[in-house]
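The values are calculated or read from the model by the stated rules, or taken from the named source; none is laboratory data. Not measured: the values here are computed from a predicted model. Using ideal geometry, Cβ is built from the backbone for each residue, glycine included, and neighbour counts are taken over all protein chains shown.
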Amino acid sequence: MLRLLLTATLAVIVVTTARADEKKAENKTPSTSAENKAPAKAEVKKTDAKPAAKKDEAPKKAKPTKKAEPKKEEKKPAPPKKKDDAKKKADAKAKPKTAKPKEPAKKDEKKVAKKEKPKSKPPAPAFKDKNLEAAVRKYVFAKRNNTQPIVAEDVRNLSTIVAKGAKIKSLAGLEHCKSLALLDIANNEVSDLTPIKGLDRIQSLTLENNKVTDLKPIEGLKRLQFLDITGNDVNDLTPLAKLTALNSLYLADNKIENLGPLASLKRLWSLDLSGNQVADLGPIGGLDHLMSLNLSGNRVESLAPLAKLLDLNRLHVDNNKIQDLGPIVSMTRTRDKEGMFTGWQVTVVGNPLTPDAKGKQAKELKALGARLSLEADKPKK
């Protein structure tokens, strides 16, 4: 019993001493450090005083030390959040990095596109006149059955274009047909020949029944052999003077008076001047290769300039002012003497022939073999 009392007394003394020490420590240091140190001293003295006694009390008094656990409020989950943020930042940084290689590629593509723009522009259509384009399309195999515009490259090698009665008004675009050898645009509404002035390979040109007044654009087409401008409004033949390769020339139904420019066309073998206002045949008297000559519907009074045209096989002088057939009678005699063909055809219908011309001269021509027509053929019943 005495031992128990002594032990209890000692414990009380230790506790009171510990409390006194704690109060002194509180005065010297902040409360937080005192609270942390106090339990530690208490625990040390308790263990020194009575290590085996009252084991349950020691853990109860040690509880205040556990209260310092607010440090745990630093929250371990915070690092994962930082990791997540770091990942997000890393992803955000990573995204532009992956996008950066694409951006320069796009810039390069734009640069390439800019460089290729001139190439990608479709060529302009060659023809403004849609009717002409439609006519030419027939000769462009690659675009014959579609509606793609005809461009200059499509027609560069075309050699033939026939576009009769197509309501064509403009020839713009034909200047691209550098290889064109034959052009037939009869029965249209063309007035300007400028687009074809540089087509120096053309050999055959038909402009029949259009609205042409000026032949100057074709004065340089020196390979022309066939030219038909029948049914236009031409009155000046000067541009034809240098077209010395011509062998067939059809000038009917225009407003021609002066034949002077034709004097240089020595290769002509067929000439049609019908339906004009020609009176003087002098300029064509030296075209000794002429085989066919049509002067019907003019103002011709004398056939004398034709006396030396021994190659003539056909002569039409209907509806003029001819009175005398003597020049052609003389020509037929010469042909007969030289053994040349005398069975040529002569029509002089609608002229004021003298009685001698209708009688004696007409009779001799027929005797020499000429096929003479003095009157219009009567219709057959």
Query raised in the report: Of all residues in the stretch 329-354, which are surrounded by fewer than 20 Cβ atoms within 10 Å (Cβ to Cβ), in a loop (DSSP other than H, G, I, E, B) and at negative phi?
Result: E338, M340, F341, T342, G343, V349, P352, L353, T354
**Report entry** D236 without any contact (Cβ under 8 Å) to a residue 60 or more places away in the chain, over 34 Å from the mean Cα position of the chain (by Cα), closer than 30 Å to K128 by Cα and part of a loop (DSSP other than H, G, I, E, B)
**Finding:** yes
**Report entry** Residue selected from the stretch 231-272 under the condition surrounded by fewer than 18 Cβ atoms within 10 Å (Cβ to Cβ) and acidic (D, E), by the criterion farthest from N187 (Cα to Cα)
**Finding:** E257
Report task. Please tell me if L205 is under 17 Å from P125 (Cβ atoms) and either over 28 Å from the mean Cα position of the chain (by Cα) or buried (at least 16 other Cβ atoms within 10 Å of the Cβ) (or both). Result -> no
Query raised in the report: If S373 passes every condition in (1) more than 59 Å from the chain's Cα centre (by Cα); (2) within 17 Å of L295 (Cβ to Cβ) but one, which one does it miss?
Result: (1)
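Looking for whichever is under 28 Å from T354 (Cβ atoms), crowded, with 21+ Cβ neighbours inside 10 Å and assigned by TED's automatic domain parsing to the domain that holds L365 here; the options are L303, L310. Which one fits? Break it down stepwise before answering.
Values: L310 fails: crowded, with 21+ Cβ neighbours inside 10 Å.
Unique residue meeting the criteria: L303.
Could you check, for the stretch 315-328, whether at least one of its residues is among the polar types (S, T, N, Q), touching a Leu at 6+ places or on another chain (Cβ under 8 Å), assigned to a helix (DSSP H, G or I) and over 29 Å from N247 (Cβ atoms)?
No, that holds for no residue.
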Report task. Could you identify the single residue in K167, K197 that is among the basic types (K, R), in contact with a Leu (Cβ under 9 Å, 6 or more places away or on another chain) and closer than 30 Å to N235 by Cα? Result -> K197
Query - Filtered residues of the stretch 160-187 (kept if part of a loop (DSSP other than H, G, I, E, B), more than 13 Å from L205 (Cβ to Cβ) and in contact (Cβ under 8 Å) with a residue 40 or more places away in the chain) - result: K169, S170, A172, G173
Report summary line: Residue pairs within 6 Å by beta carbon, gap of at least six or interchain, first lying in the stretch 262-288 and closer than 17 Å to I229 by Cα, second part of a helix (DSSP H, G or I) and modelled with pLDDT under 95, listed first then second, are none
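One line per residue, one yes/no per condition, for (1) in contact with a helix residue (DSSP H, G or I) (Cβ under 7 Å, 6 or more places away or on another chain); (2) under 26 Å from V212 (Cα atoms):
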| residue | (1), (2) |
| --- | --- |
| I256 | no, yes |
| K266 | no, yes |
| A279 | no, yes |
| P283 | yes, yes |
| D288 | no, no |
| G297 | no, yes |
| D336 | no, no |
| Q345 | no, no |
Query raised in the report: Of the residues in the stretch 158-172, how many are within 12 Å of L199 (Cβ to Cβ) and of a type outside the set (V, I, T)?
Result: 3
Query raised in the report: Checking A357 against (1) buried (at least 19 other Cβ atoms within 10 Å of the Cβ); (2) at pLDDT 95 or above; (3) closer than 23 Å to P283 by Cβ, which single condition isn't satisfied?
Result: (3)
Query raised in the report: Quick one: is N210 at pLDDT 95 or above, in the same structural domain as L171 (by TED's automatic domain parsing), in contact with a Lys or Arg (Cβ under 8 Å, 6 or more places away or on another chain) and under 17 Å from I168 (Cβ atoms)?
Result: no
Requested in this report: Scan the stretch 355-381 for residues that are free of Cβ contacts under 8 Å to residues at least 24 places away in the same chain and assigned to a loop (DSSP other than H, G, I, E, B) and jot them down.
Outcome: D377, K378, P379, K380, K381
**Report entry** Residues that are surrounded by 14 or more Cβ atoms within 10 Å (Cβ to Cβ) and farther than 18 Å from N313 by Cβ, drawn from the stretch 361-381
**Finding:** Q361, A362, E364, L374
